[in-house]
Amino acid sequence: MRIGAVLVAAGSGVRAGAGEPKQFRPLLGRPVLVWSAALLARRVVPGGLVIVAAPEQFDRVAALAPQAVLAPGGQTRTQSVRAGLAALGAVNPDVVLIHDAARPGLTDAVIDRVLEALRLAPAAAPYAPGADSLRQIDAEGRLLACPPREGLVRVQTPQGFTYSAIVDAYAALAAEAEVTDDLEVAHHFGLAARLVPGAQSLQKLTLPEDFAMLEALLSPPAAIARIGAGFDAHRFGPGDHVVLCGVKIPHTAGLLGHSDADAPWHALTDALLGAVGAGDIGDHFPPTDPQWKGAPSRVFLAHARDLVQARGGQIVNVDLTIICEAPRVKPHRAALRQSTAEVLGLALDRVSVKATTTEEMGFTGRREGLAAMANVSVLAP
Ligand code: CTP
Ligand code: MG
């Protein structure tokens, strides 16, 4: 399906109040127009995104959306859409999405639903299901009628059409006729239409207070500071080296474990999982699963790192403590920090590796095994 799009942005935004037209005002720091232009640009064939704007704004629109073809707006939305459809003539797409620049909360899911509906009908549009009852009133606020709410919806954009069909529908519309949306033009012309669920975020910026409301709706969830803690211990056994933080350190014994028994990285993996409430290392890498036998702990740590990232998190710093009488960790500390920083993609000063003995007390003091503790700080929603 060759897709084209018309983004209408030629209005003067009278109801949104003083200042520049609403489509150029910033929403969460990004001009309103750019929000949906960027999404539509990714869907259309080359040259298939037309932005309809007032000619005196052409330079500005070209700077904001360099990939768009510009068309001059008319006195009304209806005329602006006509100009946009005409500008798409050279591209002649199979379907066209007609969208209000004043609806920046466009989503890929809504575009997908509209395009899907166009396989069933020559016209399609998203709707916002209404929670409130609908009442008809006059200019003084007097109640005139109580239409049944059943089956009534509020229509949004982008509205999609078979390109040739909507061009014909507009051609058949009286030159002076004014409509509020393109679905109405298609309906007058007798085109069958399918409506699909839209999105709350697609509400149109119309009144001054709409900006704050939409910013609240579109704001990413705020990140909070989280901490995670982890602990691990492994028993010494036969061998000539231990692996700590991915680094092989010669020793008179090895560490017993299902994987490479890298206690500090196991503790660190648990700490990262803990910081985002994602269970523990055993949940993700069951010791009963043969595929993790002898596995390098780098795999576990990288998995926890990716999981933090997938949840929108950012690791702030990590602090490791290794507890043993031997081997001596201090000569290797720089290497241990370095390899941990590399896996986590952190600057060296955000990674700390410390070592201590337990003064020959307890299991580490008796040199039965080695233990490690990890603390991490993560910024995540
Ligand atoms: N629009 C347009 N050309 C016009 C009028 C409107 O391209 N002559 C566009 C607007 O830029 C907006 C969309 O149509 O993206 C919906 O219109 P509306 O919300 O009414 O915007 P404005 O006309 O700019 O606002 P107002 O009616 O408050 O002046
Ligand atoms: Mg208007």
- Task: Please specify each residue of the range 58-76 satisfying the condition of being within 16 Å of ligand 2 (Cβ to nearest atom) and either of a type in the set (Ser, Thr, Tyr) or crowded, with 18+ Cβ neighbours inside 10 Å (or both).
- Result: GLY73, THR76
- Item | Options LEU173, LEU205; residue that is over 38 Å from the mean Cα position of the chain (by Cα) and of a type outside the set (Ser, Thr, Tyr) | LEU173
- Message: The conditions are (1) touching a strand residue (DSSP E or B) at 6+ places or on another chain (Cβ under 6 Å); (2) within 15 Å of ligand 2 (Cβ to nearest atom), and ALA5 fails exactly one of them. Which is it?
- Response: (2)
- Message: I'd like to check something: does the range 205-224 contain any residue that is exposed (fewer than 12 other Cβ atoms within 10 Å of the Cβ), within 30 Å of SER297 (Cβ to Cβ), charged (D, E, K, R) and out of contact with any helix residue (DSSP H, G or I) (no Cβ under 7 Å at 6 or more places or on another chain)?
- Response: no
- Task: Consider ALA233 carefully, then state whether it is at pLDDT 95 or above, under 33 Å from the mean Cα position of the chain (by Cα), over 30 Å from ALA131 (Cβ atoms) and not in a loop (DSSP other than H, G, I, E, B).
- Result: no
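Have a look at LEU120, LEU97 and point out the one that is surrounded by 12 or more Cβ atoms within 10 Å (Cβ to Cβ) and either over 25 Å from the mean Cα position of the chain (by Cα) or closer than 17 Å to PRO197 by Cβ (or both). Outline the logic, then answer.
Working: LEU120 fails: surrounded by 12 or more Cβ atoms within 10 Å (Cβ to Cβ).
Only one candidate qualifies: LEU97.
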- Message: Contact list please: Cβ distance under 9 Å, first residue in the range 345-361 and under 18 Å from ILE323 (Cβ atoms), second residue part of a loop (DSSP other than H, G, I, E, B) and basic (Lys, Arg), pairs at least six apart or on different chains.
- Response: ALA355/ARG328; GLU360/ARG366; GLU360/ARG367
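If you take the residues in the range 185-216 that are more than 16 Å from ligand 2 (Cβ to nearest atom) and in a loop (DSSP other than H, G, I, E, B), which one is nearest to PRO31 (Cα to Cα)?
Here is the first cut: in the range 185-216, the ones more than 16 Å from ligand 2 (Cβ to nearest atom) are 185-202, 209, 211-216.
Those left that are additionally in a loop (DSSP other than H, G, I, E, B): 190-192, 198-199, 209.
Working: GLY190: 37, LEU191: 35, ALA192: 35, GLY198: 22, ALA199: 20, GLU209: 17 Å.
Once the filter is applied, the top-ranked residue is GLU209.
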- Item | Matching option when the condition is assigned to a strand (DSSP E or B) and touching a strand residue (DSSP E or B) at 6+ places or on another chain (Cβ under 6 Å), among VAL50, VAL44 | VAL50
- Output for Cβ contacts, cut-off 6 Å, separation at least six or different chains, first residue closer than 22 Å to LEU97 by Cβ in the range 50-63, second part of a helix (DSSP H, G or I) and of a type in the set (Gly, Ala, Ser), reads VAL50/GLY84; VAL50/ALA87; VAL52/SER80; VAL52/ALA83; VAL52/GLY84
- Message: I'd like the residue in the range 11-36 that is basic (Lys, Arg) and part of a helix (DSSP H, G or I) and, out of all such residues, is nearest to ligand 1 (Cβ to nearest atom).
- Response: ARG15
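Return yes or no: is GLN136 among the polar types (S, T, N, Q) and in contact (Cβ under 8 Å) with a residue 24 or more places away in the chain?
Numbers: among the polar types (S, T, N, Q): yes; in contact (Cβ under 8 Å) with a residue 24 or more places away in the chain: no.
Against the criterion (among the polar types (S, T, N, Q) and in contact (Cβ under 8 Å) with a residue 24 or more places away in the chain), GLN136 does not qualify.
State all residues of the range 78-109 that are of a type in the set (A, V, I, L, M) and within 16 Å of ligand 1 (Cβ to nearest atom); if no residue qualifies, say none. So that I can check it myself, show each step before the final result.
So the first thing to find is which residues in the range 78-109 are of a type in the set (A, V, I, L, M), and the list is 81, 83, 85-88, 90-91, 95-98, 101-102, 106, 109.
Of everything in the range 78-109, those that are of a type in the set (A, V, I, L, M) and within 16 Å of ligand 1 (Cβ to nearest atom) turn out to be VAL81, ALA83, LEU85, ALA86, ALA87, LEU88, VAL96, LEU97, ILE98, ALA101, ALA102, LEU106.
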- Note on the structure: Within the range 77-97, residues away from ligand 2 (no atom under 15 Å from the Cβ), touching a strand residue (DSSP E or B) at 6+ places or on another chain (Cβ under 8 Å) and of a type in the set (A, V, I, L, M, F, W, C) come out as ALA83, LEU85, ALA86, ALA87, LEU88, VAL91, VAL95, VAL96, LEU97
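Any idea how many residues of the range 86-110 are in a helix (DSSP H, G or I) and either at pLDDT below 95 or touching a helix residue (DSSP H, G or I) at 6+ places or on another chain (Cβ under 7 Å) (or both)? Break it down stepwise before answering.
Let us first name the residues in the range 86-110 that are in a helix (DSSP H, G or I), namely 86-87, 108-110.
Narrowing the set further to residues that are either at pLDDT below 95 or touching a helix residue (DSSP H, G or I) at 6+ places or on another chain (Cβ under 7 Å) (or both) leaves 108, 110.
Qualifying residue count, the range 86-110: 2.
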- Message: Any residue in the range 98-112 that is over 20 Å from GLU184 (Cβ atoms) sitting within a Cβ distance under 6 Å of a residue that is of a type in the set (Phe, Trp, Tyr) and more than 16 Å from ligand 2 (Cβ to nearest atom)? List the pairs, counting only those 6 or more apart or interchain.
- Response: PRO104/TRP35
- Query: Is it true that some residue in the range 64-73 is within 11 Å of ligand 1 (Cβ to nearest atom), modelled with pLDDT of 95 or more, part of a loop (DSSP other than H, G, I, E, B) and not hydrophobic (A, V, I, L, M, F, W, C)?
  - Reply: yes
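The values are calculated or read from the model by the stated rules, or taken from the named source; none is laboratory data. Since this is a predicted model, take the numbers as computed values, not measurements. Counting neighbours? That spans all protein chains shown, and the Cβs are built from the backbone with ideal geometry, glycine included.
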